[in-house]
Amino acid sequence: RAKARGRDRSERFDEEMRAEAMRLLDLEADLRRAIQRDAFEPYFQPIVRLSDGAVVGHEALLRWRHELHGSLPPSEFIRVCEDSGLIEQVDWLLYRKVVAWMGRSPEGYVSINVSPRHFHAEDFAERLLRIADDAGVDPRRLRIEITEGALLDDAPRAARILNTLRGHGVLALLDDFGTGFSALSYLHRFPIQALKIDQSFVAGLVGETHAESLALVRAILALAGTLGIDTIGEGVETEQQRQLLADLGCAYGQGYLFGRPAPPVEGRGAGRRPSRVSGKSS
Ligand code: C2E
Ligand code: MG
Ligand code: MG
Ligand code: MG
């Protein structure tokens, strides 16, 4: 009997595996169609100076305008994009829209997210500089967000890419800092402009994990200070978190407290209403 039950279980497992594979296949086919339909668009979320709330830039965040499910965030499909290699196509479609928007919004910087594998692709830096140039956008207004993993995958190569970009004024932000390897010894080897303190630590600043999160955030801020690197707190949702971060010496922040990711608005700032004249991108 035990054996029979065991077989049941393994059959059930097979079935689940098949269903999961089918779901992923479906998603991949959906993604290919979405690329054809040009169904990806950037949302923008403000990055602010914590001392006075001034908007200094925006992060561009990928959204999939899905026929059935509406606007989908990357958590639903980014893994499949990365595993299937579609991420590069999706990212380039998105980056083009980002620089087009920048051309119409003459203030502040915009940071774009780059998957590790994409970052290491042949001619990533050249291509990025070219699309900025094609759109007539000053590359100094463009920043890239990468994770620690992307740097350590192939450190010499990563340093070369970052130096090429840096040479043209494209600065690099280290995303989700604190969740990866955080081997402090590597940081000084790369031209990193800012660390983005992962939202889990910012969320942890209040509540049960208060002491640990506080210690971690302090350590990150001290490290950044020593290396002359800027800091951006991610996922700031409450005034209490903003105040704490500011008091600890974190200069910038991003999160629902200041503004949710939103479809492009024409002109500067996050508060403007979409223009009807050039509403092509929204
Ligand atoms: P990320 O780069 O760390 O982006 C921050 C995520 O936190 C975003 O999720 C954003 O919507 C969310 N967020 C912002 N403020 C708050 C807040 O106050 N509270 C909470 N709970 N969440 C907040 P999103 O847009 O779902 O993106 C998820 C991840 O997908 C990003 O994490 C990034 O790693 C990746 N991603 C986003 N856009 C792109 C893209 O264009 N290309 C690539 N390759 N990856 C992207
Ligand atoms: Mg990011
Ligand atoms: Mg992040
Ligand atoms: Mg993240």
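The values are calculated or read from the model by the stated rules, or taken from the named source; none is laboratory data. Because the structure is predicted, anything quoted here is derived from the model rather than measured. For neighbour counting, all protein chains shown are included, and Cβ atoms are generated from backbone atoms with ideal geometry for every residue, glycine included.
Tabulated results
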| item | result |
| --- | --- |
| Cβ-Cβ under 6 Å pairs, at least 6 apart or on other chains, the stretch 72-93 side under 22 Å from Ala262 (Cα atoms), far side among the hydroxyl-bearing types (Ser, Thr, Tyr) | Ile87/Ser115 |
| Residue in the stretch 225-239 that is among the acidic types (Asp, Glu), modelled with pLDDT of 95 or more and within 16 Å of ligand 4 (Cβ to nearest atom) present | yes |
| Qualifying position, being in contact (Cβ under 8 Å) with a residue 40 or more places away in the chain and either of a type in the set (A, V, I, L, M) or within 16 Å of ligand 4 (Cβ to nearest atom) (or both), among Ile220, Ile192 | Ile220 |
| Members of the stretch 234-244 found to be touching a Phe, Trp or Tyr at 6+ places or on another chain (Cβ under 9 Å) and either assigned to a helix (DSSP H, G or I) or closer than 19 Å to Leu184 by Cβ (or both), listed by number | Arg242 |
| Residue within the stretch 223-242 that is over 29 Å from Asn163 (Cβ atoms) and of a type in the set (Val, Ile, Thr) present | yes |
| Filter pass, Val80 being touching a strand residue (DSSP E or B) at 6+ places or on another chain (Cβ under 9 Å) and within 15 Å of ligand 1 (Cβ to nearest atom) | no |
| Boolean, Asp134 is of a type in the set (D, E, K, R) and in contact with a helix residue (DSSP H, G or I) (Cβ under 7 Å, 6 or more places away or on another chain) | no |
| Flag if Leu162 is surrounded by 15 or more Cβ atoms within 10 Å (Cβ to Cβ), at pLDDT 95 or above and closer than 22 Å to Glu41 by Cα | no |
| Tally of residues being of a type in the set (A, V, I, L, M) and within 16 Å of ligand 3 (Cβ to nearest atom) across the stretch 44-86 | 6 |
| Gly149 being within 16 Å of ligand 4 (Cβ to nearest atom) and out of contact with any Phe, Trp or Tyr (no Cβ under 7 Å at 6 or more places or on another chain) | yes |
| Criterion (more than 16 Å from ligand 3 (Cβ to nearest atom) and in contact (Cβ under 8 Å) with a residue 40 or more places away in the chain) met by exactly one of Leu227, Leu173 | Leu227 |
| Meets criteria (at pLDDT 95 or above and under 30 Å from Gln240 (Cβ atoms)) for Arg218 | yes |
| Unmet requirement for Leu31, which otherwise passes all of (1) among the aliphatic types (A, V, I, L, M); (2) surrounded by 15 or more Cβ atoms within 10 Å (Cβ to Cβ); (3) out of contact with any Phe, Trp or Tyr (no Cβ under 8 Å at 6 or more places or on another chain) | (3) |
| Selection count where residues are among the β-branched types (Val, Ile, Thr) and in contact with a helix residue (DSSP H, G or I) (Cβ under 9 Å, 6 or more places away or on another chain), scope the stretch 10-47 | 1 |
| Residues being within 16 Å of ligand 4 (Cβ to nearest atom) and within 16 Å of Ala60 (Cβ to Cβ) - total across the stretch 95-122 | 7 |
| Within the stretch 92-186, strands (runs of 3 or more DSSP E) holding 1 or more residues that are within 14 Å of the chain's Cα centre (by Cα) and charged (D, E, K, R) | 142-146, 171-177 |
